Structure formats: C-alpha cells, structure tokens
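Some notes on the structure that comes next.
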Amino acid sequence: MSTRGRGRSCGTSNVGRCGLTESFAGKVWDKLSRLDVGEHVEKKGRYSYLSWVWAWATLMKHYPESQVKHELIRHEGGTAEINTTVTVKSGDESFERSMWLAVMDHRHSPIKNPDAAAINNTKMRCLVKALAFTTGLGLYIFAGEDVPATDAPPQDDAVQESGKLIQRMREQAEILAGNIPEEAKKLSRGTVEDKRRAVAILDAVIEQDSNQTNRRNGKPWEAYGGAS
C-alpha cells in the first residue's frame with residue numbers, strides 16, 4: 001500500500017510516532033536511518049545534495065529486490081513535477097511509499113516547459129527524497145539536522161554550530177511552550193546565519209516574557225531557563 005499525505009514528516013527521532021514498529025518497514029527504517037551519509041553529501045550554495053548513485057547502491061546492497069517508478073505530472077502554466085514510488089522488497093515482505101518534487105532550476109524555482117535534462121535531474125533528486133522518506137536513509141538532511149540518530153561526529157564548524165543552534169531553539173521552544181513567532185519559524189529552516197537570527201528573536205521574546213513575570217512574582221531570570 002502506498003503511503004501518501006502531503007505535509008507529513010517523519011524525523012529520525014519520531015520513528016514510533018510515524019507508525020513504524022517491528023514490521024518489515026520498521027526494520028528497514030531502523031537500519032537505514034542510522035547510516036551516516038555525510039561523506040556522500042555535496043554542498044551547492046545553500047543546499048546539500050546526497051548522491052543518488054550512492055543512495056540507490058545502498059538500498060540495493062541491503063534490499064536488492066527493491067524497485068522504483070517515476071511519474072511525470074504536468075500542470076497548467078507549463079510547470080511539472082515528478083512523483084516517485086519506491087518499493088522496498090525482501091523475499092515475501094515488501095512495502096512502498098511515494099514522494100514528489102517539482103521540476104526546478106538551480107535556484108529552486110519551478111521551470112516552465114522543462115526539457116528532458118531537467119526532468120531527468122529531478123527524477124534522480126526525487127529518488128533521493130523518496131528513499132529518505134521511505135527508508136530513513138539521509139532523512140536527517142531534509143529535517144535540517146546534522147547527524148543521524150547515532151553518535152556520529154559533526155563534519156565541520158558550520159555543521160557543529162548549526163547543531164548547537166537547533167538544540168538551543170528546541171530549548172527555547174520548550175520555555176515558550178511552543179508559542180514561536182512565525183518569523184523565527186521561517187528562519188529556523190534556513191542557513192546558519194538564519195538560525196542565529198531565529199535564536200536571537202526567541203531570546204528576546206523569552207526575556208520580554210520573563211521580565212513581565214518577574215514584575216509579578218519577583219522570580220529570577222534563571223528560573224525561566226535563561227543564561228546566568
């Protein structure tokens with residue numbers, strides 16, 4: 001059965017919440033989501049791309065009976081998208097899931113009337129995305145995290161800082177009980193510099209809230225999770 005549903009995301013820390021148990025799908029997820037794909041990621045500007053050749057070879061190494069199918073969907077106005085379905089199979093056990101991706105240029109803008117080269121490139125990128133959301137392979141890249149759910153070390157200073165900023169934002173979200181300004185939400189999904197700005201915004205909100213509370217009951221800033 002194909003699992004579709006736009007807007008649903010399964011992070012590496014949310015395996016249980018995504019309905020994956022010790023079924024075949026759960027075993028696949030548990031195995032492949034733990035792999036560190038860092039050595040096979042290429043950085044192009046703001047974006048990170050996982051090698052589709054390596055991703056497919058990894059799936060074939062573990063589950064050589066698996067298959068992939070692409071579907072081209074054209075829209076009014078000349079734009080198009082690729083729907084990719086990955087079927088993971090081992091003996092009598094199998095499951096499939098689908099993912100989609102618009103045909104875009106290097107700036108991530110939709111291409112009108114894309115040629116065969118643009119369509120083929122999108123197929124390979126959508127394959128990587130479909131593998132990530134089907135098996136967990138490299139999913140932490142799409143989740144904006146730095147390493148999978150293992151003790152793998154960070155790759156460089158930028159990655160290390162990004163991880164620290166993400167952790168800080170999680171702590172801030174807990175302090176604010178999830179009441180996060182929209183601007184901070186958008187920035188949290190961007191570059192390291194964007195994440196720094198998001199942290200600064202949230203720190204300001206926390207300080208403002210704590211000052212108001214302090215005036216009411218006299219508790220110190222540290223009592224609300226602030227740095228001393």
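The values are calculated or read from the model by the stated rules, or taken from the named source; none is laboratory data. Note that the structure is predicted; figures quoted are calculated from it, not measured. Here the Cβ is made from the backbone with ideal geometry for all residues, glycine too, and neighbour counts use every protein chain on show.
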Hey, residue 39 at pLDDT below 90, among the acidic types (Asp, Glu) and in the same structural domain as residue 108 (by TED's automatic domain parsing) or not: yes
Condition broken by residue 94, with the remaining ones in (1) part of a helix (DSSP H, G or I); (2) surrounded by fewer than 18 Cβ atoms within 10 Å (Cβ to Cβ); (3) of a type in the set (Gly, Ala, Ser) satisfied: (1)
Checklist (1) part of a helix (DSSP H, G or I); (2) at pLDDT 65 or above; (3) outside the structural domain of residue 35 (by TED's automatic domain parsing) applied to residue 177, failing item: (1)
Selection status of residue 85, among the polar types (S, T, N, Q), in the same structural domain as residue 43 (by TED's automatic domain parsing), in a strand (DSSP E or B) and more than 30 Å from residue 165 (Cα to Cα): yes
Any hit, the range 1-15, residues being loosely packed, with under 11 Cβ neighbours inside 10 Å, farther than 15 Å from residue 135 by Cβ and modelled with pLDDT of 70 or more: no
Residue among 57, 80, 102 that is in the same structural domain as residue 128 (by TED's automatic domain parsing), without any contact (Cβ under 8 Å) to a residue 60 or more places away in the chain and closer than 21 Å to residue 136 by Cβ: 57
